[in-house]
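The values are calculated or read from the model by the stated rules, or taken from the named source; none is laboratory data. Values in this document were obtained by computation on a predicted structure and should not be read as measured data. A quick note on method: Cβ atoms are made from the backbone with ideal geometry, for glycine too, and the neighbour counts reach across all protein chains shown.
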Amino acid sequence: MRPYYPARTILNVSPLCGAAPVGIFDSGLGGLSVLRAVRALLPAERLVYVADSRYAPYGQRDDDFIADRTLAIGEWLVAQGAKALVVACNTATAQSIEFVRERLPIPLVGVEPGIKPAALQSKTRVAGVLATQVTLRSARFQALVERHAADLRVLCQPGHGLVEAVERCDTGSPELLALLRGYLAPMLDAGADTLVLGCTHYPFLDTAIRSIVGERMTLVDTSVAIARQLERVLGQHGLLADTAGDAQSSARFCSTSDGAHLRMLAAALLGIDAQVESVRIPSRRTLELETDAV
């Protein structure tokens, strides 16, 4: 059972305004796919990206740990002046977004696997879903399938090892390709013509996946939809940045580890030479881990 956290509003927060940054958070580097989409759609927005790489991947963590970290990082971003938070992690969204939304004084946008677009696109009525085990077993995911895919055969495959591959900047090694083939071949054999990328890390494996499935599967990546939802939410709250000027606004990159892989992936996949800040964001569960390690 999840420990009780009283609902609370964080005090001493400056009034929100369009010039304030948007916080984007992921357990590691996968949320960079969301950041890429947000930068493309909303180039005037200032962004603060936090990778909780010290404790990644979340797919191997229990629900309480995920909620504990999501809340702590959300609070940290509020303290940095964030006007909105994008939880760019399917696992964290599935397990904790409603819990965290009640406790932060800023609007939140989560991510979820693209079951609805897969159901709309599939011709064979068979779709594969690659996601973490935590996402696949969540009530939120099951509700998505029940709501949007009643006539769709959904083949769920936990992507064990894929997040770790992206975290070490491996997007095409022979070992990775062999792992992906093991996941994708049964889907192809079952007639799947659509593949939902149910983790924000997985769009960075697009080329590797395409080398295996060719044109036999349509890949569903929801990062653009997330950026559009962020635009709607900011507009509803009067928080859109001033679009005057054409320059791309800056992004601040933070990591709870040393940030080396975050910098490498930002350079390789986004073309950004990012200076990465190493930050410490303690929480109840991580303090317990540190105490146990003493």
#### Entry: Matching residues in the range 67-99 - criterion: being among the aliphatic types (A, V, I, L, M) and touching a strand residue (DSSP E or B) at 6+ places or on another chain (Cβ under 7 Å)
Ile73, Leu77, Ala82, Ala84, Leu85, Val86, Val87, Ala88, Ile97
### Query
Considering the range 105-123 alone, what residues qualify as being of a type in the set (A, V, I, L, M, F, W, C) and either crowded, with 18+ Cβ neighbours inside 10 Å or touching a helix residue (DSSP H, G or I) at 6+ places or on another chain (Cβ under 8 Å) (or both)?
Ile106, Leu108, Val109, Val111, Ile115, Ala118, Ala119
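Looking only at the range 48-68, count every residue that is among the small types (Gly, Ala, Ser) and assigned to a loop (DSSP other than H, G, I, E, B) and tell me the total.
Initial filter on the range 48-68 (among the small types (Gly, Ala, Ser)): 51, 53, 56, 59, 67.
With the extra rule that they be assigned to a loop (DSSP other than H, G, I, E, B), the set shrinks to 56.
Residues meeting the conditions: 1.
Scan the range 270-293 for residues that are assigned to a helix (DSSP H, G or I), among the aliphatic types (A, V, I, L, M) and surrounded by 15 or more Cβ atoms within 10 Å (Cβ to Cβ) and report the count. Outline the logic, then answer.
Start the filter on the range 270-293 by keeping residues that are assigned to a helix (DSSP H, G or I), which leaves 270, 284-293.
Applying the additional criterion that residues be among the aliphatic types (A, V, I, L, M) yields 270, 287, 289, 293.
Among the residues that remain, those that are also surrounded by 15 or more Cβ atoms within 10 Å (Cβ to Cβ) are: 270.
Summing the residues that are assigned to a helix (DSSP H, G or I), among the aliphatic types (A, V, I, L, M) and surrounded by 15 or more Cβ atoms within 10 Å (Cβ to Cβ) in the range 270-293 gives 1.
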### Query
Within the range 192-227, which residues are surrounded by fewer than 16 Cβ atoms within 10 Å (Cβ to Cβ) and touching a residue at least 40 places away in the same chain (Cβ under 8 Å)?
Val224
### Message
With the requirement that a residue be surrounded by fewer than 24 Cβ atoms within 10 Å (Cβ to Cβ) and assigned to a helix (DSSP H, G or I), what does the range 69-95 give you?
### Response
Leu71, Ala72, Glu75, Trp76, Val78, Ala79
### Task
State whether one or more residues within the range 241-251 are modelled with pLDDT under 95, closer than 16 Å to Ala88 by Cβ, assigned by TED's automatic domain parsing to the domain that holds Leu85 and under 20 Å from the mean Cα position of the chain (by Cα).
yes
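Is it true that some residue in the range 90-101 is basic (Lys, Arg) and touching a residue at least 24 places away in the same chain (Cβ under 8 Å)?
The initial filter retains those residues of the range 90-101 that are basic (Lys, Arg), namely 101.
Filter once more, so that each one left must be touching a residue at least 24 places away in the same chain (Cβ under 8 Å): none.
Within the range 90-101, none of the residues are basic (Lys, Arg) and touching a residue at least 24 places away in the same chain (Cβ under 8 Å).
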